[in-house]
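A short worksheet on the structure shown next.
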Amino acid sequence: AYIPQRDRYIANDSSINLVLTGTLLDGNSDLYNALNGKKAVIIGNGVTPADFTTPAGEAFVAGAPGTLAGMAKFAVSQFHPKKVSILANDNPAGHAGVALIMQPIFAKANAAVKSVFVPNEANGTQVQSAMSAIGAGDSDVFVSILTLQSCIGMYDALKSLGVPPTVVTTGLCFAPPRTSPLHRRAHPHPHPHRRPCRTPRPPTLPHQAPR
């Protein structure tokens, strides 16, 4: 009885314009439903599926939960997929990230999801086999949440399969492991129109010993 009274009070109080929540494990869906369309809601620490799927507000979460939710929401808003393939590492974090954070967001957008999990140290052959098993090449969006070691294997698998899906991934796989093989094929020298240069040594200050 107390929680519904609280929700109605907050929703109907004209002096309240913004609601900032902390960690809510119970009653958060009821709160969001009561506030939806009436108050702006910032979810300070999203940990349940409702925190990432409610239209009442937005979860601004640092670290992995915020990253995974952001990837799923980005994929939905930018590409409007009907079929999504997710490749993740076979560990508790990978399984929880897919099941608790990403899948609810895609399900709300009516996107069918197929997920597969590979070992943390998976090689290109293992990754390729896993991607083939879920039909990654036929998906509208392919999502990867992998450790750094698996990123090159993912790239090799994409090349071997010969499929060009839309890939949504983290900064780990977008950085050197994902882009360097492409760049090296196009430009054997990192900067073909520039001469190699060395970083100049900083000047020696009076209180510093020469390096």
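Structure above, values below:
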| item | result |
| --- | --- |
| Pairwise centroid distance, computed over Cα atoms, of region 63-93 with region 2-50, Å | 25 |
| Packing rank of 38-49, 20-31, where each peptide gets the mean count of other beta carbons within 10 Å, highest leading | 38-49, 20-31 |
| Candidate aspartates and glutamates - alpha carbon under 12 Å from Lys82, same-chain residues fewer than 8 apart omitted | Asp138, Asp140 |
| Sites Asn36 and Asp156, calculated FRET efficiency, Cβ-Cβ separation with R0 45 Å, nearest 0.05 | 0.50 |
| In Hz, Karplus ³J(HN,Hα) per residue of region 69-77 (6.51, -1.76, 1.60; θ = phi - 60°; x = Gly, Pro) | 5, x, 5, 5, 5, 4, 4, 5, 6 |
| 5 angstrom amide H check on Val19, placed H, neighbours 5+ away | Ala40, Val41, Ile42 |
| Nonlocal amide H pairs with Ala59, under 5 Å, H built at 1.01 Å | Ile43 |
| In Å, descending, principal axis extents of the Cα set of region 1-146 | 59, 27, 24 |
| Cut-off 16 Å (backbone N to label point 7 Å along Cα→Cβ of Ala96), residues of region 70-89 | 89 |
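Values quoted throughout were computed directly from the atomic coordinates according to the rules given, and no laboratory measurement underlies them. Note that the structure is predicted; figures quoted are calculated from it, not measured. Here the Cβ is made from the backbone with ideal geometry for all residues, glycine too, and neighbour counts use every protein chain on show.
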